[in-house]
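What follows is one structure encoded as structure tokens, with my remarks underneath.
The values are calculated or read from the model by the stated rules, or taken from the named source; none is laboratory data. As the structure is a computational prediction, the values presented were derived from the model and not from experiment. Cβ placement follows ideal geometry from the backbone for every residue including glycine, while neighbour counts extend to all protein chains displayed.
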Amino acid sequence: MTKAYTGGCACGAIRYEISGEPVAAVDCQCRQCQHQTGAGHASYLTFAGASRKIEGKAKTWEVVGDGGTVKSCAFCATCGSPVYIAFPANPDVIAVRAGSLDDPSRYAPQFVTWHAAGHAWDHLDPALPKFDRMPPA
């Protein structure tokens, strides 16, 4: 079994531990991610059905993606760090922000989503597969 993925917010008020391997590691260039990060994209590790433990109380707000998926965005009320995204319609899935990992070097992006919304100044790995929107299921 692989080592658990651990991380949390910048001030330490929120901590998580997820056992299992991510089903996807994604750089997303959608406008929602740009707004949430203040950058050209957000980087996520998505886990499905993995055992997880979250300590601390996150503040959340909900946003609906272009495909109609409701996402509950969790951040620390103390330091403001975005930490993870949960999906109310699919509680077995969680996407943690790559920058929130204790060891961010474990993040290895597999593809880029919403490349159509990307900016020329946001230089992502040119070898990664890119999808103008979401990849086909």
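Worth pointing out:
- Qualifying residue in segment 24-42 (condition: surrounded by 15 or more Cβ atoms within 10 Å (Cβ to Cβ), without any contact (Cβ under 8 Å) to a residue 40 or more places away in the chain and among the polar types (S, T, N, Q)): yes
- Some residue of segment 88-96 being in contact with a Leu (Cβ under 8 Å, 6 or more places away or on another chain) and under 16 Å from Glu17 (Cα atoms): yes
- Checked against (1) in contact (Cβ under 8 Å) with a residue 40 or more places away in the chain; (2) surrounded by fewer than 18 Cβ atoms within 10 Å (Cβ to Cβ), Gly68 passes all but a single condition, namely (1).
- All positions within segment 58-71 that are assigned to a loop (DSSP other than H, G, I, E, B) and either touching a Leu at 6+ places or on another chain (Cβ under 7 Å) or at pLDDT 95 or above (or both): Ala58
- Complete set of residues in segment 75-113 that are in a strand (DSSP E or B) and of a type in the set (A, V, I, L, M, F, W, C): Phe75, Val83, Ile85, Ala86, Val93, Ile94, Ala95, Val96, Leu101, Phe111, Val112
- Inter-residue pairs, beta-carbon under 8 Å, first within 16 Å of Arg31 (Cα to Cα) and in segment 112-129, second among the charged types (D, E, K, R) and in a loop (DSSP other than H, G, I, E, B), 6+ apart: Thr113/Arg133; Trp114/Asp132; Trp114/Arg133; His115/Asp132; Ala116/Asp132; Ala116/Arg133
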